[in-house]
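One structure is given below, encoded as structure tokens.
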Amino acid sequence: MNPDSGPGGGPRQPSKRRLPAAPSGMASPHQLFDDTSSSGLGRGYAAQQPPAAGSFLAEPVSSFAVAYGTTLASQGKEIVDRNIDRFIPVTKLKYYFAVDTVYVGKKLGLLLFPFMHQDWQVRYQQDTPVAPRFDINAPDLYIPVMAFITYILVAGLALGTQNRFSPDILGLQASSALAWLIMEVLAILLSLYLVTVNTDLTTIDLVAFSGYKYVGMIVGTVSGLLFGKTGYYLVLSWCCLSIFVFMIRTLRLKILSEAAAEGVLVRGAKNQLRMYLTMAIAALQPLFMYWLTFHLVR
């Protein structure tokens, strides 16, 4: 009997041995290389990889950009402030708006009732005038600016009660009032130059003193709206007299300050011119007050 034959006499089939299954921790027998992607060594290597080059540069570059931007902004602010102060004295303007409620109330009373006031001298502290809120005699810009705006509003109200209101007319009223104010200040500056007056009056001081007349103009116009022309003329006459006295007593200390400092009486031709100039500036105020308000009351 053929040893290769099977039990039935037929040829024996080759036996198929099964290979034992590979353990879970071992590689497959058909795999050429070990898979280390999921091993602990692979994970540690991935975690220890150096960061990208940009991460090293991100923080220093951002810090440098912030520092450079801050320096550039501060330099630009200094340049802007220096150029603005060259044309617009912002620092000086802060002085003229250093007011409070008490000062405003007392100043308005002084503008309307200046007859009982005795001390008109501006106080100084270390050769610098004190802020207006500490001295009622110091000029300010808060009252003139607010009075000018209020005058425009009152003018619009007066025109509205007469059915004559329109934006164009109100704009013309505002522009004409501003133009007259500028012309007045320029005329005073020219007069001071021609008379050769050495005074500490500045252009802003002249704007402030010339703007105080709008307070009386407001009071006169409102009186005209409430009581008619009779009330307008009576109240405006009082306000004109008040502003005349106020300007005389205030400006004589400024324009005649040189002669007063030298102890010279107002007798010479030069001092007489200064006195006439002071009276002319004071007399201009009632004229402008009437010219800018008479057409608002009917």
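Miscellaneous remarks
- Residue list for the range 146-180, restricted to those being polar (S, T, N, Q), part of a helix (DSSP H, G or I) and more than 18 Å from Met289 (Cα to Cα): Thr161
- For the range 226-236, residues that are in contact (Cβ under 8 Å) with a residue 40 or more places away in the chain and open to solvent by 40 Å² or more (accessible area, probe 1.4 Å) total 1.
Let's see how each residue does on (1) surrounded by 14 or more Cβ atoms within 10 Å (Cβ to Cβ); (2) part of a helix (DSSP H, G or I); (3) aromatic (Phe, Trp, Tyr):
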residue	(1), (2), (3)
Met183	no, yes, no
Val197	yes, no, no
Asp200	no, no, no
Tyr214	yes, yes, yes
Met217	yes, yes, no
Gly224	yes, yes, no
Trp238	yes, yes, yes
Val245	yes, yes, no
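- Residue within the range 186-194 that is closer than 28 Å to Asn271 by Cβ, surrounded by fewer than 14 Cβ atoms within 10 Å (Cβ to Cβ), without any contact (Cβ under 8 Å) to a residue 12 or more places away in the chain and of a type outside the set (A, V, I, L, M, F, W, C) present: yes
- The set of residues in the range 99-118 being touching a residue at least 40 places away in the same chain (Cβ under 8 Å) and open to solvent by less than 90 Å² (accessible area, probe 1.4 Å) consists of Val99, Leu108, Leu110, Leu111, Leu112, Pro114, Phe115, His117.
- Taking the criterion of being open to solvent by 50 Å² or more (accessible area, probe 1.4 Å), at pLDDT 95 or above and not aromatic (Phe, Trp, Tyr), the residues of the range 119-156 that qualify are Val145, Met146, Ile149, Thr150, Leu153.
- Residue within the range 149-162 that is in contact with a strand residue (DSSP E or B) (Cβ under 9 Å, 6 or more places away or on another chain) and under 25 Å from Val245 (Cα atoms) present: no
The values are calculated or read from the model by the stated rules, or taken from the named source; none is laboratory data. None of the values given here were measured: they were computed from a predicted structure. FYI the Cβ positions are ideal-geometry reconstructions off the backbone, even for glycines, and counts take in every protein chain you see. Side chains are part of the model used for accessible areas, which takes the heavy atoms of the whole protein and leaves out ligands, DNA and RNA. Shrake-Rupley method; radii C 1.70, N 1.55, O 1.52, S 1.80 Å.
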